[in-house]
Amino acid sequence: MQFGLYSEFPFEFGGHEEDPLAVEHGALLAAMEPALDPTEGTVHEVETYAEARTLSMIWDAGERLANQAIPARMLEALPDQEQILKIIPTPGTTDNERRGAVAAKQRGLAGNTMVDIEAALRKLLGRNFEEILYTPREDVVAYWPGGIPGPPGYEWTSSKAHIGIRVNQKGLSPGEVQKLIARLFGLLDTMIPAWMTYSIGVGSEFVLGQGILGLTFI
C-alpha cells in the first residue's frame with residue numbers, strides 16, 4: 001500500500017496496491033492529456049487531483065453504505081438491526097460482539113435445522129464454539145403415558161431431542177463467559193424447535209475441585 005500524495009502519509013508499508021484515489025487521478029490525467037498539460041505541479045494536475053479526491057469520497061460513501069447490509073461491517077445500521085431483531089446488548093458489550101449477535105440472529109431466520117443452528121452458533125461464538133453434542137442412541141431415554149410411564153413431572157420426557165452446545169473459554173474472563181452464554185441462550189430460545197431442549201457447557205466431564213457447577217458438562 002502506497003502512502004504519500006494520496007493519503008497524506010510519508011511512509012510506505014507492505015505491497016504496492018494502488019489507491020482508488022490514485023487510480024481515479026491517473027484516469028483523469030490521461031483523459032485530459034490530449035488537450036491539457038498533465039505534468040506534475042501544473043494547475044491542471046492540481047485541479048484533477050481535487051476532482052479525483054471528490055470522486056473517491058463519493059465512492060467511499062457508497063461502499064460504507066453497502067457495508068450496512070453486512071453484519072460483520074455494520075456501523076450506523078447496527079442499532080437499527082438490533083432493534084429489528086430484538087437484541088438488547090448488555091453494558092460493556094463490544095461492537096464486534098454486537099455484530100456477531102446480529103449475524104447469528106439473521107442466520108437463524110433462515111430456518112431451524114441442525115445445519116442452520118450450527119451456522120448461527122459459529123457466527124455468534126466464533127473461536128469459542130467447539131461442537132454440538134447429541135445423545136448416543138444407546139443412552140436415549142423416552143417416557144410417555146400408556147407406554148413407558150415416567151416419574152412425576154417427567155411423564156412426557158425424551159433425551160432424543162436434546163442437544164449439548166460445547167463452548168470453550170479461550171481469551172475470555174469468567175464474566176465474559178457468562179455474557180457469551182447469556183447471548184447464546186437468547187439466540188437458541190428463539191431459534192430451536194419447540195420440541196427440542198438444549199444445555200450449554202464447557203469441557204467433557206465434571207472433575208471435583210476443577211469443574212464449575214452449572215458450566216462444566218457432567
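The values are calculated or read from the model by the stated rules, or taken from the named source; none is laboratory data. In this text the structure is predicted, and so the values were computed from the model without any measurement. All Cβ positions, glycine included, derive from the backbone under ideal geometry; neighbour counts span all protein chains shown.
Filtering segment 90-109 to residues that are more than 14 Å from the chain's Cα centre (by Cα) and either exposed (fewer than 12 other Cβ atoms within 10 Å of the Cβ) or under 22 Å from Val167 (Cβ atoms) (or both) leaves Thr90, Pro91, Gly92. Within segment 134-176, if we keep just the residues that are among the acidic types (Asp, Glu) and surrounded by 11 or more Cβ atoms within 10 Å (Cβ to Cβ), the residue that is nearest to Met196 (Cα to Cα) turns out to be Glu155. On the stretch given as segment 73-87, residues that are outside any loop (DSSP other than H, G, I, E, B) and either within 17 Å of Arg183 (Cα to Cα) or among the acidic types (Asp, Glu) (or both) total 7. Only residues that are out of contact with any Leu (no Cβ under 7 Å at 6 or more places or on another chain), surrounded by 13 or more Cβ atoms within 10 Å (Cβ to Cβ) and small (Gly, Ala, Ser) were counted across segment 32-78, and they come to 1.
If we keep just the residues of segment 152-176 that are part of a loop (DSSP other than H, G, I, E, B) and in contact with a strand residue (DSSP E or B) (Cβ under 8 Å, 6 or more places away or on another chain), which is farthest from Leu133 (Cα to Cα)?
Top of the filtered list is Glu155.
Within segment 142-188, the residues that satisfy the criterion of being touching a Phe, Trp or Tyr at 6+ places or on another chain (Cβ under 9 Å) and without any contact (Cβ under 8 Å) to a residue 12 or more places away in the chain are Pro145, Pro149, Gly150, Pro151, Tyr154. Restricting attention to segment 79-89, the residues being at pLDDT below 80 and surrounded by 15 or more Cβ atoms within 10 Å (Cβ to Cβ) number 1. Tell me, please, whether a residue that is in contact (Cβ under 8 Å) with a residue 12 or more places away in the chain, outside any loop (DSSP other than H, G, I, E, B) and under 26 Å from Ile192 (Cβ atoms) can be found in segment 31-51. No: zero hits.
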